[in-house]
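Encoded as structure tokens, here's the structure I'll be asking about.
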């Protein structure tokens with residue numbers, strides 16, 4: 001019997017992650033394929049395979065930094081006055 005390893009991009013770092021286990025999840029929209037994946041850096045994820053593989057999309061231009069959209073996500077702001085500075 002021949003076994004083949006399946007790899008997807010790690011959502012945490014983008015390295016190849018091996019699918020260690022596959023299983024079926026039940027949902028209101030029907031069955032979903034689930035998987036447990038692990039990458040060489042030690043990250044592991046467990047959940048619906050389509051959400052694991054869709055989370056690892058690389059930036060459009062790997063040579064440039066991604067746009068500073070942390071403000072849109074509510075992340076820390078690095079420019080401008082410190083929080084509370086100049087408040088009346």
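Each reported figure results from applying straightforward, stated rules to the coordinates on display, with no laboratory input. These numbers come from a predicted model, not from an experiment. All Cβ positions, glycine included, derive from the backbone under ideal geometry; neighbour counts span all protein chains shown.
I want to verify the translational diffusion coefficient of the range 7-51 in µm²/s; compute it with Stokes-Einstein, Rh as the Kirkwood radius over Cα pairs, at 25 °C and 0.890 mPa s. Provide the component values of the computation, followed by the final result.
Details: Rh = 10.7 Å.
The diffusion coefficient I find is 229 µm²/s.
Please give, to one decimal in nm, the separation of the simple spin-label points placed at residue 5 and residue 26, each 7 Å out from Cα toward the Cβ.
3.4
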